[in-house]
Amino acid sequence: MEKVSVLVPASRSEPRGAILAGVVFDALLGAEARLRTRLAAWRAASRARRARACAARDDARARAKLIALAHHYESSQPEFAKDLFAAAKRDNGA
């Protein structure tokens, strides 16, 4: 039996890039829940803003139609036209 000496290189430490990637990945997983919550709140607020804008446009469109109808009836039925004008002003919140 012979004795054989073998040189074994020292084990390498983990690459810095892998450590950094692990830290970033861990931070992303931790931030995911907060990010999802913020995104959901942002989407809800955005939908509410769009709904309010759409409602305002619909109200303006309805008032414009009432005013146009009032102008149409102004010469033939002035009392009815006055009522339509009053209704258009009331709908405006005034």
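The values are calculated or read from the model by the stated rules, or taken from the named source; none is laboratory data. All of these numbers come straight from a predicted model, not from anything done at the bench. Because the Cβ atoms are built from the backbone with ideal geometry, glycine has one as well, and the counts that use them run over all protein chains shown.
Computed values, structure above
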{"read-out": "Selected residue [of a type outside the set (Phe, Trp, Tyr), modelled with pLDDT of 85 or more and touching a helix residue (DSSP H, G or I) at 6+ places or on another chain (Cβ under 8 Å)] from Ile67, Ile19", "value": "Ile67"}
{"read-out": "Which numbered condition Glu14 misses (of (1) surrounded by fewer than 10 Cβ atoms within 10 Å (Cβ to Cβ); (2) not in a loop (DSSP other than H, G, I, E, B))", "value": "(2)"}
